[in-house]
Amino acid sequence: MKAEKIRNLTDVELKHQERDLADQLFKLKFQMNMGQTESLKKIRGLRRDIARVQTVLREQELAAHKTQTKTEKT
């Protein structure tokens, strides 16, 4: 998933996306421990996608805090 696509999502959509990715990661890890799959690339990709989503959520949170602080000062 591209960061540009992630940035176009709303907060609710981002949190939902993060939850879905975490569920997928859990299932893949479980399958790997059971010996059913050896898809390391998928696990690595999911971890990176989760990190991207969390990064964008944090950026939006900081931007909202910054605008709130500016309005309080004036």
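The values are calculated or read from the model by the stated rules, or taken from the named source; none is laboratory data. Model, not experiment: these values are computed from the prediction. Note that we place each Cβ from the backbone using ideal geometry, even for glycine, and neighbour counts take in every protein chain shown. These accessible areas exclude ligands, DNA and RNA; they are computed on the full protein's heavy atoms, side chains included. Shrake-Rupley method; radii C 1.70, N 1.55, O 1.52, S 1.80 Å.
Structure values in brief
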| item | result |
| --- | --- |
| Surface share of carbon and sulfur [accessible, 1.4 angstrom probe, percent] for the chain | 52 percent |
| Assigned charges on the beta-carbon of Lys, Arg, Asp, Glu; the chain dipole about Cα centre (debye) | 280 debye |
| Efficiency of FRET between HIS65 and ARG44 - r from beta-carbon atoms, R0 35 angstrom, step 0.05 | 0.65 |
| Length-normalised contact order of the chain in % [C-alpha pairs under 8 Å, at least 6 apart] | 39 percent |
| Spherically averaged projected area of the chain from its Cα convex hull (nm²) | 5.5 nm² |
